[in-house]
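Dropping the structure in here first, questions after.
The values are calculated or read from the model by the stated rules, or taken from the named source; none is laboratory data. In this text the structure is predicted, and so the values were computed from the model without any measurement. Here the Cβ positions follow ideal geometry from the backbone for every residue, glycine too, while neighbour counts run over all protein chains shown.
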Amino acid sequence: MSLLKSLCRSPSAIIGGVLLILVLLMAALAGWLYPNDPLALAGRPLQAPFSNPRFLFGTDSVGRDIIAQLFYGARTSLLVGITATAVAIVIGVLVGSIAGFYGGWVDTALMRVTEAFQTVPNFILLLMLVVIFGSKIATLVVVIGIVSWTAPARLTRAEFLTLRNREFVQACRVIGMPDWRIIFREILPNALPPVIVYASVVMAFSILLESALAFLGLSDPNVASWGNLIADGRRVLRSSWHVATLPGIAILLTVLSISLIGQGLNDAMNPRLRRK
Amino acid sequence: MRIFRLALNRLAVSIPCMGIILLGLFLMLQLAPGDAVDALMGQMGSNDVALAEQLRQQYGLGGGVTTRLAIYVWNTLHLDLGYSVAYNQPVLNVILQRLPVTMLLMISALSFAFAAGTAVGIIAARHVNKWPDTLISTLGLIFYAAPSFWFGLMGILVFAVWLNWLPSGGLEDLGAGYTGIGRVLDIAGHLILPTITLALIYFAIYLRVMRASMLEVMTLDFIRTARAKGLREGAVLTRHALRNALLPMVTILGLQAGAMLGGAVVVESVFSLPGLGRLAHEAVQQRDLNMLLGIVFMSALLVIAINFIVDILYARIDPRIDFNG
Amino acid sequence: MSELLSIEGLKVRLPRHADRGYAVHDLTLRLDENEILCVVGESGSGKSVMASSILGLLPPEVKVEAGRIGFEGTDLLRLPPHALRSIRGAGIGMIFQDPMTALNPLHRVGNQIAETFRVHTKLSSQEIQAKVLELLEQMQLPDPAAAARAYPHELSGGQRQRAMIAMALALEPRILIADEPTTALDVTTQAQILALIRDLQRRNRMGVLFITHDFGVVAEIGTRIAVMRHGVLVEEGPAATVLTAPQQTYTRELIAAVPSLQPPERKQLAPVGQAALSIVKVNKTYRARGREVAALKDVTLALPRGSTLGIVGESGSGKSTLARCIVRLLTTDTGAIEVDGADITQMTRHEWRSHARRVQMVFQDPYASLNPRRKVGELVAQGPLMYGAKTSEVMPRVRELFGLVGLDPAAIDRYPHEFSGGQRQRIGLARALALDPDILVADEPVSALDVSVQAQVLALLAKLKEQLGLSMVFITHDLRVAAQICDRVAIMQRGEVVEEGEASDVLVSPKHPYSQALLAAVPGRNWQTSGY
């Protein structure tokens, strides 16, 4: 595809791609490299990195292997990122396309609901939903998606509002095409590019949201998560700062890679801005 | 006059929004396992069903769904947000005690993010694709990707633990007994790290938006007209490009304020600040749903107020907005 | 006549990915005092690039490679930035095409004009304010004080352009460069602005470099003409000579492509049976937050079978609204629209579906009317497929249609961006014809095309109409185009039909004052008929 070719020319996309592949490898190879349960006690607590050949990055305050948690944590973050983003995008695109296409009271009603969701700060809304629905990882994924759908909805709606009056859409009406077909087969393929670029932002935020929840002790304790590690590391910050620092770098690199790819996608889809 | 009509319009629009939020909050109440009375009974260690029923009647928790909804909406609009068992005070009082700290933090962070983001974004746009731009954009990306709580911890590690330049947490040094200017400076010192931590991701966003906005505006026709009149480049930038480029920045100001309230939860927890954010965290840990709902409601009110101010500000800058929106 | 501006051997390079290497290639041209030099060309001729390079206003990717532009003894291309800046606005003024985007929307108009004074003079703010008001009065603005206080969006298109001219002429420059200044304006407004420019030029004895694509405008105000094509100067000379006896083939073709205002001889068709389309007392009002705009007021028209009805009007006349009501993209409030006797305004969606194929539409914008993500063959086939035809039956028909509109049938597998504007209009035409309609509604189908391409598409439309026995409703703002192709013409103003009749009557001796004003406003209207 020409899109892939233009992506390969974008330096940000390449760097992002390389980083993301590293993270994906971490997630994929976790079970093979560290076959034991990463949350099981493995050795003496708070060993420094590179001090014990068995634990490359040392151990945390309970005695669990840090590098194993890092590798398994990659799975959690990627899983949460992808699934929550999927939930947010599906809801957002549905709401946005219907509101943007039909306008009138449908648009007004849907926009009021969107505004209501946007008015409550999404982390606080997240906290409330976690209290009510619990923090198992499956629930978390849906709940994070629920607090993130408003921006894709706005974006989709804006695209639909523009495209709805384009002459090629009017031409479809004139030949008698039914509405649903116009929305999904004619307008949507043209409206999706900016939404797809934005999906990278949603994914980045989903990962940050999950790790923030974990840091506050509200994520699934039975799952290896980078945020959980940082929370643990906070308690021993003065003495064993490696426990908190390393998982943070992992989050940073993952979110960075996703953002870079998103930026590369944006540049590739907007050739006019690429030269800027 | 135009501004006044716009203000009324915005207020009118906020009402259905608030209505939906209240409805949603009420729904959450119904979905929560157990209610306030159960929590109370749990605290008292009693199992008496008859007492429970009596208490329910007393707190207006009996009756059908519509009556309960009506009571809930009525109470909330009168700012009767219920009673917090954990703090032994009405929810509203606790919230109002914690509000000033959060507001202080947010205003500092927002101002810093906006001002720094604007300035740095302009620099990046002026030297687009050369090394200052690449450096700035890369830094921006890193600040954007770093989780705020981790950055806060690293900040504490470097500046409080290793360098001992800044305090590691809390709002002020209570033991030292500062007053007046001394106290102000003490609080300011305590707020430096939290402000920067909270502001970081929004600084990165503003930087990117300002840069993109400047680049976009510089391609518009009226810039060419300004040059055709013989203006110096600097004048073209400040008198024509800047004001137009700030428009998108002001637009997202309202959005960012809301998100920042959420970010405050984490930052206040990291730095042990006695604010609204940390209150939310405590409410979650104690499963104090009343408190949490109260915080949600107050946050929504705050966001509506901030958005209102921002909209008025925007209308003052852009004469094309009329009261039809 | 003394020479004001001398362009010698100008070469302007385009960035790598552009469709041609040079925007302007080895151009030599001069502008004298007290004349209006019209530089004419189609899109891609390089005329705008040439104009922008004089004051150094080219976009960053477009670079001047060679040449000299002499003004007052210096070479503008080699001046240091501060020297060039002192000439901009003071020695040479420039106005642009779209006054809406050329003015800063956030600053008041008076302020923007005052800026020219502030940059180049040391006058006090009171003196500047007085001068601004004086200028706006010279520009014949009805309320100069109100205009000065207004923001650009609060003025009309014509008023904005007058403000722009005021801004450019504030310091009485010796040269005015006008880059298509009337293209975005209505015909009547255009006539006023052209008269204004001509007046100002005479009064100040300026040299005006006027860029345009419209030969009518050239005939109206040009003293000398230069024709450009693909960045090269094709012909140059006094207006009278070039317009009546062009030397170069390209110039001759270009001039021949401009439709004449005189309608050609037409055989008078006796109306055959029932009218194909009957519009009876149609009303449509838009209501938005307390404001009411009547888009259509009691419109009554008839389209005789087999003929072409032109609907002519300026912006806001309601012609596009009417077109969209005929194909039911918009609904009417009251009145009837009868297609072959059946009133389509009363039909349910289901009933309309079977009727829809009788009335099809060709759109204005060749770039927005085709879905960029679909192959053009699919786009044309969509209609018949929607009505239940099988793909195996439809595709041969699509190839046939492509041949009919003059395109290569093998091109059905390509995407819209691979075609030129004129070719895309042909695709739009094929799409409209795919459903075998009786009535074709053409909404400004050639307005966005270059004049030579326009002539081809109009010829195609006329040929197809004859061949397929179509009845056509042709919406346009261009009276020349209406004269060429329409049998009957209806003139609309603010939602009402003010005059209607045979083209040869309405366009030669109109009776309604508005029709007369419209006809009088056509630039260069006497050029092709009674000689220049």
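Please verify whether the stretch B:280-290 includes one or more residues that are facing another protein chain (nearest Cβ under 8 Å), over 25 Å from the mean Cα position of the chain (by Cα) and surrounded by fewer than 20 Cβ atoms within 10 Å (Cβ to Cβ).
No: zero hits.
Can you confirm whether B:D173 is out of contact with any strand residue (DSSP E or B) (no Cβ under 8 Å at 6 or more places or on another chain), away from chain A (no Cβ under 14 Å) and among the charged types (D, E, K, R)? It would help to see each step written out before you state the result.
Numbers: out of contact with any strand residue (DSSP E or B) (no Cβ under 8 Å at 6 or more places or on another chain): yes; away from chain A (no Cβ under 14 Å): yes; among the charged types (D, E, K, R): yes.
Yes, satisfied.
To continue, here is another question. Any idea which of (1) touching a Gly at 6+ places or on another chain (Cβ under 7 Å); (2) over 27 Å from A:R235 (Cβ atoms) is the one A:W32 doesn't satisfy?
The failed condition is (1).
Okay, next question. Anything in the stretch A:35-60 that is buried (at least 18 other Cβ atoms within 10 Å of the Cβ), in a loop (DSSP other than H, G, I, E, B), touching a helix residue (DSSP H, G or I) at 6+ places or on another chain (Cβ under 7 Å) and not hydrophobic (A, V, I, L, M, F, W, C)? List them, or say none.
Answer for the stretch A:35-60, where residues must be buried (at least 18 other Cβ atoms within 10 Å of the Cβ), in a loop (DSSP other than H, G, I, E, B), touching a helix residue (DSSP H, G or I) at 6+ places or on another chain (Cβ under 7 Å) and not hydrophobic (A, V, I, L, M, F, W, C): A:P38, A:G58, A:D60.
Let me confirm something: among A:A214, A:A191, which residue is farther than 24 Å from A:A250 by Cβ, aliphatic (A, V, I, L, M) and under 22 Å from the mean Cα position of the chain (by Cα)?
Details: A:A214 fails: farther than 24 Å from A:A250 by Cβ.
On inspection, the qualifying residue turns out to be A:A191.
Pick out the one residue from C:G383, C:G403 that is modelled with pLDDT of 90 or more and either farther than 16 Å from A:V174 by Cβ or at the interface with chain A (Cβ under 9 Å from one of its Cβ atoms) (or both). If you could, list the steps in order and put the result at the bottom.
Numbers: C:G383 fails: modelled with pLDDT of 90 or more.
When all the criteria are applied, what remains is C:G403.
Can you tell me how many residues in the stretch B:120-156 are of a type outside the set (F, W, Y) and within 8 Å of chain A (Cβ to nearest Cβ)?
Our first condition is that a residue be of a type outside the set (F, W, Y); within the stretch B:120-156, this holds for B:120-130, B:132-142, B:145-148, B:152-156.
Still in the running and within 8 Å of chain A (Cβ to nearest Cβ): B:128-129, B:141-142, B:145-148, B:153-154, B:156.
Within the stretch B:120-156, residues that are of a type outside the set (F, W, Y) and within 8 Å of chain A (Cβ to nearest Cβ) number 11.
Same structure again: Based on what the data block shows, is C:E220 over 30 Å from C:I491 (Cβ atoms) and either of a type outside the set (F, W, Y) or part of a loop (DSSP other than H, G, I, E, B) (or both)?
Details: over 30 Å from C:I491 (Cβ atoms): no; either of a type outside the set (F, W, Y) or part of a loop (DSSP other than H, G, I, E, B) (or both): yes.
In short, no.
Please identify the pairs in which a residue from the stretch B:168-189 that is over 21 Å from B:M154 (Cα atoms) has its Cβ atom under 9 Å from the Cβ atom of a residue that is surrounded by 13 or more Cβ atoms within 10 Å (Cβ to Cβ) and among the β-branched types (V, I, T), counting only partners at least 6 apart or on another chain.
B:Y178/B:I187
If we scan the stretch C:258-281, do we find a residue that is among the β-branched types (V, I, T) and assigned to a strand (DSSP E or B)?
Yes, the stretch C:258-281 contains at least one residue that is among the β-branched types (V, I, T) and assigned to a strand (DSSP E or B).
In addition: Answer with yes or no whether C:T116 is β-branched (V, I, T), within 12 Å of another protein chain (Cβ to nearest Cβ) and either in a loop (DSSP other than H, G, I, E, B) or within 24 Å of the chain's Cα centre (by Cα) (or both).
Numbers: β-branched (V, I, T): yes; within 12 Å of another protein chain (Cβ to nearest Cβ): yes; either in a loop (DSSP other than H, G, I, E, B) or within 24 Å of the chain's Cα centre (by Cα) (or both): no.
No.
I've got another one for you. List the number of the failed condition for A:R181; all other conditions in (1) out of contact with any Gly (no Cβ under 7 Å at 6 or more places or on another chain); (2) within 12 Å of chain B (Cβ to nearest Cβ); (3) not in a loop (DSSP other than H, G, I, E, B) hold.
Going through the list (1) out of contact with any Gly (no Cβ under 7 Å at 6 or more places or on another chain); (2) within 12 Å of chain B (Cβ to nearest Cβ); (3) not in a loop (DSSP other than H, G, I, E, B), A:R181 breaks only (2).
A further question follows. Which residues, counting only those in the stretch C:20-63, are within 14 Å of chain B (Cβ to nearest Cβ), within 21 Å of the chain's Cα centre (by Cα) and hydrophobic (A, V, I, L, M, F, W, C)?
C:V49, C:A51
Here is a further query. Restricting attention to the stretch A:149-157, does a residue exist that is buried (at least 19 other Cβ atoms within 10 Å of the Cβ), touching a residue at least 12 places away in the same chain (Cβ under 8 Å), over 20 Å from the mean Cα position of the chain (by Cα) and more than 14 Å from chain C (Cβ to nearest Cβ)?
Yes, there is a match, as at least one residue in the stretch A:149-157 is buried (at least 19 other Cβ atoms within 10 Å of the Cβ), touching a residue at least 12 places away in the same chain (Cβ under 8 Å), over 20 Å from the mean Cα position of the chain (by Cα) and more than 14 Å from chain C (Cβ to nearest Cβ).
Matching residues to (1) of a type outside the set (S, T, Y); (2) without any contact (Cβ under 8 Å) to a residue 24 or more places away in the chain; (3) surrounded by fewer than 19 Cβ atoms within 10 Å (Cβ to Cβ):
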{"position": "C:L10", "(1), (2), (3)": "yes, no, no"}
{"position": "C:R20", "(1), (2), (3)": "yes, no, yes"}
{"position": "C:G41", "(1), (2), (3)": "yes, no, no"}
{"position": "C:G44", "(1), (2), (3)": "yes, no, yes"}
{"position": "C:G56", "(1), (2), (3)": "yes, no, yes"}
{"position": "C:L79", "(1), (2), (3)": "yes, yes, yes"}
{"position": "C:A90", "(1), (2), (3)": "yes, no, no"}
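Could you please find all residues in the stretch C:386-400 being of a type outside the set (A, V, I, L, M, F, W, C) and modelled with pLDDT under 90? Reasoning before the result, please.
Within the stretch C:386-400, the first condition is being of a type outside the set (A, V, I, L, M, F, W, C), and the residues that meet it are C:387-388, C:390-393, C:396-397, C:399-400.
C:Y387, C:G388, C:K390, C:T391, C:S392, C:E393 - these are the residues of the stretch C:386-400 that are of a type outside the set (A, V, I, L, M, F, W, C) and modelled with pLDDT under 90.
Just checking, which of B:V265, B:V310 is facing another protein chain (nearest Cβ under 9 Å) and surrounded by 18 or more Cβ atoms within 10 Å (Cβ to Cβ)?
Values: B:V310 fails: facing another protein chain (nearest Cβ under 9 Å).
The unique qualifying residue is B:V265.
Let's see how each residue does on (1) more than 14 Å from chain C (Cβ to nearest Cβ); (2) closer than 30 Å to B:Q286 by Cβ; (3) at pLDDT below 90:
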residue: A:F160; (1), (2), (3): yes, no, no
residue: A:R166; (1), (2), (3): no, no, yes
residue: A:V174; (1), (2), (3): no, no, yes
residue: A:N190; (1), (2), (3): no, no, yes
residue: A:P194; (1), (2), (3): yes, no, yes
residue: A:A212; (1), (2), (3): yes, yes, no
residue: A:L218; (1), (2), (3): yes, yes, yes
residue: A:I230; (1), (2), (3): yes, yes, no
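Six or more apart or on different chains, Cβ under 7 Å: which pairs go from a residue in the stretch B:223-242 that's within 17 Å of C:I177 (Cβ to Cβ) to one that's among the polar types (S, T, N, Q) and modelled with pLDDT of 90 or more? Could you list them?
B:K229/C:T116; B:G230/C:S86
So, in the stretch C:79-97, how many residues would count as being at the interface with another protein chain (Cβ under 7 Å from one of its Cβ atoms) and assigned to a helix (DSSP H, G or I)?
Our first condition is that a residue be at the interface with another protein chain (Cβ under 7 Å from one of its Cβ atoms); within the stretch C:79-97, this holds for C:85-86, C:88-90, C:94, C:96.
Remaining after also requiring assigned to a helix (DSSP H, G or I): C:85-86.
Number satisfying all stated conditions: 2.
Keeping to the stretch C:364-393, report how many residues are in a helix (DSSP H, G or I) and either touching a Phe, Trp or Tyr at 6+ places or on another chain (Cβ under 6 Å) or touching a residue at least 40 places away in the same chain (Cβ under 8 Å) (or both). Lay out the reasoning, then the answer.
Let us first name the residues in the stretch C:364-393 that are in a helix (DSSP H, G or I), namely C:376-386, C:391-393.
This time we only want the ones that are either touching a Phe, Trp or Tyr at 6+ places or on another chain (Cβ under 6 Å) or touching a residue at least 40 places away in the same chain (Cβ under 8 Å) (or both), so: C:376, C:379-384.
So the count comes out to 7.
Taking into account only those residues within the stretch C:340-357 that are touching a strand residue (DSSP E or B) at 6+ places or on another chain (Cβ under 6 Å) and not hydroxyl-bearing (S, T, Y), which is farthest from the other protein chains (Cβ to nearest Cβ)?
The first filter runs over the stretch C:340-357 and keeps only residues touching a strand residue (DSSP E or B) at 6+ places or on another chain (Cβ under 6 Å), leaving C:343-345.
Checking the rest, the ones that are also not hydroxyl-bearing (S, T, Y) come to C:343-344.
Numbers: C:D343: 18, C:I344: 13 Å.
Taking the candidates together, the pick is C:D343.
Can you name every residue in the stretch C:317-353 that is within 23 Å of C:R305 (Cβ to Cβ), of a type in the set (A, V, I, L, M, F, W, C) and touching a Ser or Thr at 6+ places or on another chain (Cβ under 7 Å)? Even if it seems obvious, please write down each step before you answer.
Going residue by residue through the stretch C:317-353, those that are within 23 Å of C:R305 (Cβ to Cβ) are C:319, C:322-328, C:332, C:335-347, C:351-352.
Now restrict to residues that are of a type in the set (A, V, I, L, M, F, W, C): C:322-323, C:325-327, C:336-337, C:339, C:342, C:344, C:347, C:352.
Result: C:C325, C:A336, C:I337.
Condition test on C:L460, is it under 29 Å from C:E393 (Cα atoms) and in a loop (DSSP other than H, G, I, E, B)?
Working: under 29 Å from C:E393 (Cα atoms): yes; in a loop (DSSP other than H, G, I, E, B): no.
Spelling it out, it is not the case that C:L460 is under 29 Å from C:E393 (Cα atoms) and in a loop (DSSP other than H, G, I, E, B).
Out of the stretch A:84-138, which residues are farther than 20 Å from B:F26 by Cα, among the hydroxyl-bearing types (S, T, Y) and within 13 Å of another protein chain (Cβ to nearest Cβ)?
A:T108, A:S135
Restricting to the stretch C:363-377, count the residues that are under 17 Å from the mean Cα position of the chain (by Cα) and either buried (at least 21 other Cβ atoms within 10 Å of the Cβ) or among the charged types (D, E, K, R) (or both).
First, pick out the residues of the stretch C:363-377 that are under 17 Å from the mean Cα position of the chain (by Cα): C:363-368.
So of that shortlist, the ones also either buried (at least 21 other Cβ atoms within 10 Å of the Cβ) or among the charged types (D, E, K, R) (or both) come out as C:363-366.
Adding up the residues that qualify gives 4.
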